[in-house]
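Step one of this worksheet: look at the structure below.
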Amino acid sequence: MSKPNRTARYNTGVATLLEAKSLTKRYGQTIALESVDFQVSDGITGLLGPNGAGKSTATKLFLGLLKPTSGSAEVLGEKPYESLEIRARLGYMPEHDCLPAAITASEFLTHMVQVSGIPPSQARTRAADILRHVGLEEERYRPIGQYSTGMKQRVKLAQSLAHDPVVALLDEPTAGLDPGGREDMLRLIRRTGHEFGISIILSSHLMGDVESTCDRIIVLESGHVTEQGAVAQFTRETETVLIDVDGNRDELVAALAGRGITATVDGISLAVELNDDAQYDAIRDALVESNARLRRMAPRRHQLTDIFRSDES
Amino acid sequence: MTQRTGELFDLGYQHYDGPREGRARARKAVFFDGFRTTLGLGRGAGAKVLPMLLFGAAMAPAIILALVASLSDGQLDLPGHPEYYSIVSVVLLIFAAIIAPELLCPDRRNGVISLYLVRPLSITDYVAARWLAFFAITLLLVYSGQMVLLAGLVLSASDPLDYIKDNWLDIPRILSAGFLLAAFITTLPLAVSAFTDRRALAAAFVIGIFVISTAASGILTGCDEGGGHRGGGECEPITGDAGKWLSMVDISRAPTYVNNMIFDADSGDPRDRLNAELPPIVPIAWYILLTGGLGAALWLRYRRLSV
């Protein structure tokens, strides 16, 4: 079977998947995005920011659900707001509920794959395959209304992937999940991005989700891009270690200060910003020098709000 | 090398290299999904009961009339093609009021609509496909009834060929009047459904419109004491000359008035007679205004939908 040209064009040789050019979106007087520029290439990219930062607006602009006020949001060089064709190669997992209760996951996915343009016979196979990949093989003939939150989230993910998109935009995919379910979901997303070869834009306000899953990160705040880069570099800059000691805490602070490390009191703990791994040795030496009894020392995963607080200081 | 059987392999994720048919396939999928939803296919038994009951209720008058006609050998003056649509329109309206909202309300209530809108499909495609799905079923229903009736009348005639020769005009009349009735019965409940997420509310509202407008029109065009009754003489409405205009207050009769014109028939109903006094263009314009206006409301409402 010959491969359609369209598929070949989209799957190979395109360096930039998504591109925002002076992208602006206003709702009346409210500015959601203000002249934003960024590019997204292959892999898993995190779109990080607090609620109201413009993440969902950016996602909807790239899906063609919204029209930019000015500038452009392009996917593979085309504007989804104008081109229906490009939407066949996009996947979307919304944050809100988007599933019917009365029909089975198998039925629902088969239908949505067809709405993405795939003929019925192939649609059924695609639906069954993707439900197996997200771990819903056994339950696929049960009405979705009977599913747990975790299973529903997996159906939402499955419908965004079943038509084999080039890129899938996932809006807060771990919302409402317990820690176990959250870890499962993030593992699935990593697999999708790295094994399935479907690029992912993961929109989240949780640093931990982005850090453990994404290759690159774009930080949005109040409608502007404030940071972007590889996740590894980004998280190293912001890692905090929490130290709990029994007594001699002031001596420890002094000993750390003597080694050029600033420790701040955070509740019952001391918080130390780490810039490189060698500082662990310095902390160990400071503990010995101050004769403080160490009870606990653990890295703290930054919440996004902490990053912004430290940026402001 | 020997082939071993019975082993399972996980082939991992497979990319899709088959045909992608874009917008045309998307439209078809939404259309057939609407078709299946209306008939309750692919759902539990409960979802099928109501469509089947209403389908039966719409077909019953045709079957009974056809049977009676064939047993009476054309001796009785029975309701025929011109009257069939006004007889079943009540059942059709209930059918549409209850089932049509199912095509639009749940998609917005469950949020599924946002998944449609990110696919290769415009909002107009979505609404048009849903409308066409319900229209196709309504059309099938009204035509089936007329065809059963026609078959009964042809077979009970002493000379079936002569009957067809004399009455062949009934066929284009059945087709055009049925088309207009189906378009009206599809558009009204779908337009109402565009304004509420709740199916029950949409159904109640549609039925309410019919009950209230029929009652209001009945009061406004009510005959004086001793005036005409069904099949009787002329009716003098209490509102005098305005009565013929007020006959149009009854929204459910908008397609019936046009139906009577198409069949060039006198149903004997006082309101139909009053309406027939108006210039023909008036009921036609009223029908177009109502159906077109409701269709436009449906479309505009969806155009402005934000997800």
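Note on the protein assembly as shown: dipole from Cβ charges, positive end direction compared against B:L188, A:F38, A:M207; the farthest Cα belongs to A:F38. Counting only DSSP beta bridges with both residues in the protein assembly as shown, tell me the antiparallel percent, nearest 5. Given both bridge residues lie in the protein assembly as shown, the antiparallel proportion sits at roughly 65 percent. Relative to the longest principal axis of the Cα atoms of chain A, helix A:149-161 runs at roughly 60 degrees. Taking every residue in B:273-284 and counting other chain Cβ atoms within 10 Å of its Cβ, the average works out to 0.
With only Cα atoms counted, chain A has Rg and Dmax values of 22.9, 74 Å.
Across peptide A:155-163, the average count of Cβ atoms from other chains found within 10 Å of a residue's Cβ is 1.
Mean per-residue shielding of peptide A:85-96 is 4, counting Cβ atoms of other chains within 10 Å of each Cβ.
Would you work out if segment A:139-210 is rounded, prolate or oblate? Take a ≥ b ≥ c from the square roots of the eigenvalues of the alpha-carbon gyration tensor; rounded if a/c is under 1.5, else prolate when a/b is larger than b/c, oblate otherwise. Oblate, since a/c reaches 1.5 and b/c is not below a/b. Here B:M261 and A:D97 are evaluated by their C-beta separation; at R0 = 45 Å the FRET efficiency comes out at 0.40. Only beta bridges with both residues in chain A are counted; by DSSP, about 65 percent of them are antiparallel. Within the listed set B:E277, B:E102, B:E21, the residue fluctuating most in the Gaussian network model of chain B (springs between alpha-carbon atoms under 10 angstrom) is B:E21. Which of the listed residues, B:N167, B:I288, B:A133, is farthest toward the dipole's positive end in chain B, when Lys, Arg count +1 and Asp, Glu count -1 at the beta-carbon? Towards the positive end, the residue furthest out is B:A133.
Springs between alpha-carbon pairs under 10 angstrom, Gaussian network model over chain B: which of B:A191, B:A285, B:A69 fluctuates most? Checking each option, the largest mean-square fluctuation is seen for B:A285. Pairs exceeding 31 Å between alpha-carbon atoms, taken from A:K156/B:K28; A:K152/B:K48; A:K79/A:K156; A:K55/B:K28; A:K152/B:K28: A:K55/B:K28.
By the count of other C-beta atoms within 10 Å, a proxy for reagent exposure, B:L155, A:L66, B:L50 are ordered fewest to most as B:L155, B:L50, A:L66. Within the shell of other residues whose beta carbon sits under 13 angstrom from the beta carbon of A:R293, the net charge comes to 0, with Lys and Arg scored +1 and Asp and Glu -1. All other residues whose Cβ lies under 14 angstrom from that of A:R140 are scored, Lys and Arg at +1 and Asp and Glu at -1, for a net of +1.
Give me the dipole magnitude in Debye, nearest 20, for segment A:173-286 about the Cα centre, with unit charges on the beta carbon: positive for Lys and Arg, negative for Asp and Glu.
400
Net charge of the neighbourhood of B:R27, taken over other residues with C-beta under 12 Å away and scored Lys/Arg +1, Asp/Glu -1, is +2. Here the Gaussian network model covers chain B, with springs between Cα atoms less than 10 Å apart; of B:S247, B:S158, B:S70, B:S158 fluctuates the most. Its DSSP H runs of at least 4 residues, each contributing -39,500 (n - 2.57), put the calculated 222 nm mean residue ellipticity of chain A at -11000 deg cm²/dmol, to the nearest 500. Classify segment B:23-303 as rounded, prolate or oblate from the Cα gyration tensor: take a ≥ b ≥ c as the square roots of its eigenvalues, call it rounded if a/c is under 1.5, otherwise prolate when a/b beats b/c and oblate if not. Oblate is the answer for segment B:23-303, as a/c is 1.5 or above yet b/c matches or exceeds a/b. Treating r as the C-beta distance of B:L140 and A:Q233 and R0 as 51 Å, the FRET efficiency rounds to 0.20. Of the GluC sites (Glu not before Pro) found in segment A:136-245, those that fall in a DSSP loop while having at most 15 other beta-carbon atoms within 10 Å are A:E137, A:E138, A:E195. Counted residue by residue at 0.36 nm each, then reduced by the alpha carbon distance between them, the extension gain from A:E251 to A:E78 reaches 56.2 nm. Along the axis of the charge dipole computed for the protein assembly as shown (Cβ charges of +1 for Lys and Arg, -1 for Asp and Glu, origin at the Cα centre), the listed residues A:G54, B:F205, B:Y116 are led at the positive end by B:Y116. Select from segment B:252-307 those trypsin sites (Lys or Arg not before Pro) which occupy a DSSP coil region and have at most 11 other Cβ atoms within 10 Å, ordered by residue number. When the trypsin sites (Lys or Arg not before Pro) of segment B:252-307 are filtered for loop state and at most 11 Cβ neighbours within 10 Å, B:R304 remain. Here the peptides A:26-35, A:198-207 are ranked by packing, the mean other Cβ count within 10 Å, and the order with the highest first is A:198-207, A:26-35.
For chain B, find the longest principal axis of its Cα atoms and tell me its angle to the long axis of helix B:199-220, 0 to 90°, nearest 10. Approximately 10 degrees, to the nearest ten.
Relative to one another, the C-alpha centroids of segment B:182-197 and segment A:71-132 are positioned 27 Å apart.
Each DSSP beta bridge with both residues in segment A:142-272 is either parallel or antiparallel, and the antiparallel ones are about 70%. Evaluated with a Cβ-only charge set (Lys, Arg +1; Asp, Glu -1), the protein assembly as shown carries a dipole of roughly 800 debye about its Cα centre, given to the nearest 20. Remark: segment A:31-110 carries a charge dipole of roughly 100 debye about the Cα centre, counting +1 on each Lys and Arg Cβ and -1 on each Asp and Glu Cβ. Fully extending the segment from A:I268 to A:R191 would add 23.8 nm, taking 0.36 nm per residue of separation and subtracting the current Cα-Cα distance. The tail of the calculated P(r) for the protein assembly as shown, taken as Cα-Cα distances beyond 47 Å, holds 37 percent of the pairs.
FYI, it's all coordinate maths here, none of it is from the lab. Everything numeric here is computed off the predicted structure, so don't read it as measured data. All Cβ positions, even for glycine, are placed from backbone atoms using ideal geometry, and neighbour counts span all protein chains on display.
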